[in-house]
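Heads up: the structure comes next, in structure tokens.
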Amino acid sequence: MIFLACKHNKRRWILDTPVEDLVHHTLLDIADIGVVDLPPRIYEEELMAFVTPFVEDAKKYGINIPKETQNMLRQVVYVDKLSMQGGPGVMAACNRYYTYQKTVSGRKKLNWMTIEVLRKESRDYTGDDESKRLILLREIMYHEIFHCFFNKGHLPPGKSGIMSATFTKGNKRAFRQWPALVEEMFSKEYIDLIPDAS
């Protein structure tokens, strides 16, 4: 049995050196910082195709994801290497960033998020059958989008669902139970069970 996981990186200073999931909170001297350019919007069409359905599913269960939150998602991309390295079996990551920009009225906090999916590892997990691959990819993407949009971690040990810390290769839940998994994912009970990420 092969277990694969994702990594959820807590919000971090863009200028910090990351160490696993730790966030180093050091006050940044912004005296010399002027305009801070946010990273460009880069979206892999295949991966972005899951964002709108996620938002619509959330709305179906009474959860509105503000446009402001959606707009913080700057990049959704396949990569060969994650920006912040995870452990063995990690195949995707939600990264949350922030920095400060000096403005006339003081400093302004800038937040943004990225989702990275390892190209080879995700392909190994989802396989080559295109219809099956997209069903499994949808599960991975819903997991990562939930991390980013809700700023939540994983379900506690012993609880299963889309927000479990690991996926088991060969698990058929995404094929057999998708509507129930989504309903559970957006239920108040499950959202309350999942700890905040930061």
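The values are calculated or read from the model by the stated rules, or taken from the named source; none is laboratory data. Keep in mind that this is a model prediction, so the values were computed, not measured. Positions of Cβ are backbone-derived with ideal geometry, glycine not excepted, and every protein chain shown enters the neighbour counts.
Annotations
- Lone qualifier among SER122, SER131, SER164 - being out of contact with any helix residue (DSSP H, G or I) (no Cβ under 9 Å at 6 or more places or on another chain) and not in a strand (DSSP E or B): SER131
- Odd one out for ASP196, checked against (1) farther than 23 Å from LYS60 by Cβ; (2) surrounded by 14 or more Cβ atoms within 10 Å (Cβ to Cβ); (3) not aromatic (Phe, Trp, Tyr): (2)
- Residues located in region 137-159, provided they are of a type in the set (A, V, I, L, M) and crowded, with 21+ Cβ neighbours inside 10 Å: LEU137, ILE140, MET141, ILE145
- Meeting the requirement of 1 or more residues that are hydroxyl-bearing (Ser, Thr, Tyr) and either modelled with pLDDT of 80 or more or within 13 Å of the chain's Cα centre (by Cα) (or both), the helices (runs of 4 or more DSSP H) wholly within region 1-110 are 51-60, 67-71.
- When TYR125, TYR97 are screened for being touching a strand residue (DSSP E or B) at 6+ places or on another chain (Cβ under 6 Å), more than 24 Å from PRO53 (Cβ to Cβ) and touching a residue at least 40 places away in the same chain (Cβ under 8 Å), only TYR97 passes.
- Once region 56-84 is narrowed to residues that are out of contact with any strand residue (DSSP E or B) (no Cβ under 9 Å at 6 or more places or on another chain) and small (Gly, Ala, Ser), the residue that is surrounded by the most Cβ atoms within 10 Å (Cβ to Cβ) is ALA58.
- Hits in region 134-161 - residues which are part of a loop (DSSP other than H, G, I, E, B), under 17 Å from ALA93 (Cα atoms) and not hydrophobic (A, V, I, L, M, F, W, C): ASN151, GLY153, HIS154
- Residue satisfying all of: in region 85-106; small (Gly, Ala, Ser) and within 15 Å of MET141 (Cα to Cα); surrounded by the most Cβ atoms within 10 Å (Cβ to Cβ) among these: ALA92
- Close contacts from region 139-161, counting a first residue that is closer than 15 Å to ARG74 by Cα and a second that is in a helix (DSSP H, G or I) and of a type in the set (Phe, Trp, Tyr), with Cβ to Cβ under 7 Å and a gap of 6+ residues or different chains, come to ILE145/PHE54.
- Within region 167-198, the only residue that satisfies the criterion of being assigned to a loop (DSSP other than H, G, I, E, B), under 19 Å from THR126 (Cα atoms) and either in contact with a Leu (Cβ under 8 Å, 6 or more places away or on another chain) or aliphatic (A, V, I, L, M) (or both) is LYS169.
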